[in-house]
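Rule-based calculations on the coordinates, nothing more; no lab input. From a predicted model like this one, the values you see are computed outputs, not experimental measurements. Quick reminder, even Gly has a Cβ in these numbers, built from the backbone with ideal geometry, and neighbours come from all protein chains shown.
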Amino acid sequence: MTDTTVRFGLLVSMFQAMLRDRTAAKKRKRFRTFLDRVYTGREYFSAVRLILPGLDRERGTYGLKESTLATCLVEALGLAKDSPDAIRLVNWRKGGSRSGANAGNFALVSAEVLQRRQGMVSGGLTIRELNDMLDQLATKENRGEKAAVLSSLIKKTNALEMKWIVMIILKDLKLGLSEKSIFHEFHPDAEDLFNVTCDLKLVCEKLKDHTQRQKKQDIEVGKPVRPQLAMRVSDATTAWKKLSGKNVVVECKFDGDRIQIHKNGEEIHFFSRNFLDHAEYAHGMSNLIQQNVLVERCILDGEMLVWDTCAQCFADFGSNQEIAKAAREGLESDRQVKRYVVFDILYVGDTSVIHQSLMERHSLMRKVVKPLKGRLEILVPNGGINDHRPSGEPCWSAVAYSVEEVERFFKDTIENRDEGIVVKDLGSKWEPSDRSGKWMKLKPDYIHAASDLDVLIIGGYFGSGRRGGEVSQFLLGLADHSDPASYPKRFISFCRVGSGLSDEELNALVAKLNPYFRKNEYPKRAPRCYEVTNNSKERPDVWIESPDKSVILSITSDIRTVKSEVFAAPYSLRFPRISRVRYDKPWHECLDVQSFVELVQSSNGN
Ligand code: ATP
């Protein structure tokens, strides 16, 4: 049976119902019912790609972020550029409705406009038709052509359906159901298969029958693999205990882009963590790989860095994006050179080697990669931390024989201004998407409560004088990560911070957050996603409307943490200062209360 007849409206009904469901279990059940009753016997991929649009690599990118999508919709709806609805769409950050309630949520603002234009009657668009039209949207080059496709979509849908299509185009459905749960409900082996292929179509085709288990598939050259991840630990002792009795290697944690290099003869791919192929890295790097990787086929895992030849150090975060842009424009800065540090190898010749131990993979790395200083390096230990090495030669990898050695390596690495260390079990295999503790990362944020903590802005306080009426201080929150399978849903107020940023940095931050500030109307309670006390010092002037609109700040504090009665978290910081704004870190990676409490307790014990 094909999917020509299933209406997109049925999928929309499922989405709407999922929004009302309070538990993940209910949402999952709804998805199963959809697959069994509505979609049974059909090509699952055609529907699943609409449910997990961020994982669909079949049709390339639409080239439509909110702002371009807004102008295309204005054209598709035939709106005059200066009409109120056109202005609403283009200024979506400021909000559509008079109350501004939808501000910053493009899908809701567009739904509001579409409702006035489209009404409730569906044109009967089928899932098949929608996929065909989305294919067209992705292939069209210019805005006018894209607008024409959107216009045909509008004719075949109602406002509600169109709202979901907008969310599919923006690749974020906000269903409150994690990708992991969707995979598990689809088929018990779906996540495993996706992890080693990053191919949603293949997963849907191979795992049609959810009662039939599949043999685990191994990795292949040319297909990106989801990376082995590192577990956060708060101190060297925890890491050492977890790896008790194991052979341990400590490595410097380089701060660049995680890139998997797949070499298949002449063909070379540079896959990032979200399995995009970054062709811009090929410039200057492909030749190097051809010449210095001594096998026809292999997969390397490592960090792509930008080396500043003048300062003889790694360039600051952000330079990678700059260099990528320069490479796209055909320019390569002579000052900055791309440098790839190989810390693992996953495939050699015709065989996957992820099942071999890290120690065995290190010897393969030595055989396969001919290092070239400053350009292509391998991170393999040349003995222990105390072993002699030529003076001035930095030590980026060493075998550790005691917890004291791990601590010393960590201290030396931090003094060298590197990001932290990774502690690895030398006997472990490499497992896609695993964060169970084969690798552990130790960063200064997690070791002393008096150093950097990455926490989320949840509210703002107006300043006085020069900054009167403008936000100049922030209320910060820690994540309540009670369900690690999904993004944090609650944030616990933690401390108030005002200093550390230059005027320029503060202005840029406030401008970014402005559309999401909501006035704190007393005696109204805080938004439900925030947990606060009743203390008046804690009441900010504005709240951030939802955590996913917010930004993470790195906070330092000279003085130890103090027990808190003012804030909802059990401890706060005295004299906190903003050390930097983490635009690069997604909101959900905010430090969580549990880790923070552990960290305070362990540093108080020292
Ligand atoms: P973070 O923000 O701490 O980098 P992350 O979520 O991007 O975390 P994790 O798996 O938690 O990724 O931490 C390990 C990351 O550290 C890797 O993804 C990789 O990009 C980077 N890294 C740098 N040096 C190493 C190394 N020697 N071994 C493993 N990973 C390393």
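Which of 242/489; 215/263; 424/489; 26/156; 263/338; 65/174 have a Cα-Cα distance over 22 Å?
Table pairs above 22 Å Cα-Cα are 242/489; 215/263; 424/489; 26/156.
For the pairs 253/429; 223/549; 81/585; 163/585, note any where the Cα-Cα span goes beyond 24 Å.
From the list (253/429; 223/549; 81/585; 163/585), the Cα-Cα distance tops 24 Å for 223/549; 81/585; 163/585.
What ranking of 499, 472 emerges when the number of other C-beta atoms within 10 Å of each C-beta is taken as an exposure proxy, fewest first?
499, 472
Excluding residues fewer than 8 places away in the same chain, name every one of the aspartates and glutamates whose C-alpha is closer than 19 Å to that of residue 411.
Partners found: 235, 251, 255, 387, 393, 419, 445, 452, 558.
Just report the Cα centroid separation between region 421-440 and region 493-515, whole Å.
Comparing the Cα centres of region 421-440 and region 493-515, I get a distance of 37 Å.
Whose amide H sits under 5 Å from the amide H of residue 91, counting only residues 5 or more places off or on another chain, with H placed in the peptide plane?
It is none; the list stays empty.
What shape does region 345-439 take by its C-alpha gyration tensor, where a ≥ b ≥ c are the square roots of the eigenvalues and a/c under 1.5 counts as rounded, a/b above b/c as prolate, and the rest as oblate?
Note, shape of region 345-439 comes out oblate.
May I ask you to sort 359, 304 by Cβ crowding, counting other Cβ atoms within 10 Å and putting the fewest first?
Final ranking by Cβ density, sparse to dense: 359, 304.
Cβ neighbours within 10 Å, averaged per peptide: list 128-138, 226-236 in order, most packed at the top.
Going from most to least packed, we get 226-236, 128-138.
Which residues' amide hydrogens lie under 5 Å from the amide hydrogen of residue 400, considering only partners 5 or more residues apart or on another chain, with H built in the peptide plane?
For residue 400, whose amide H was placed from the backbone, the distant partners under 5 Å are 248, 249, 250.
Straight distance only, please: which lysines reach the Cα of residue 29 with their own Cα at less than 17 Å, same-chain residues fewer than 8 apart left out?
Correct list for residue 29: 180.
Residue 512 to residue 172: FRET efficiency via 1/(1 + (r/R0)^6), r the Cβ-Cβ distance, R0 25 Å, to the nearest 0.05?
The computed FRET efficiency comes out at 0.85.
Does region 190-242 come out rounded, prolate or oblate by the C-alpha gyration tensor, with a ≥ b ≥ c the root eigenvalues, rounded set by a/c under 1.5 and, if not, prolate when a/b is larger than b/c and oblate if not?
Cα axes put region 190-242 in the prolate bin.
Using the 10 angstrom Cβ neighbour count as an exposure proxy, how do 366, 361, 490 rank, fewest first?
Neighbour counts put them in this order, fewest first: 366, 490, 361.
With a ≥ b ≥ c the root eigenvalues of the C-alpha gyration tensor of region 166-213, is it rounded (a/c under 1.5), prolate (a/b larger than b/c) or oblate?
prolate
Defining a contact as two alpha carbons under 8 Å apart and six or more residues distant in sequence, what relative contact order in percent does region 8-169 show?
Once divided by the residue count of region 8-169, the mean separation gives 27 percent.
Test of understanding: what is the full-extension gain from residue 83 to residue 589, defined as 0.36 nm times their sequence separation minus their Cα-Cα distance?
Contour length minus the Cα-Cα distance gives 178.2 nm.
Can you check what the Kirkwood hydrodynamic radius comes to for region 8-169, Cα pairs only, in Å to one decimal?
So the Kirkwood estimate lands at 16.5 Å.
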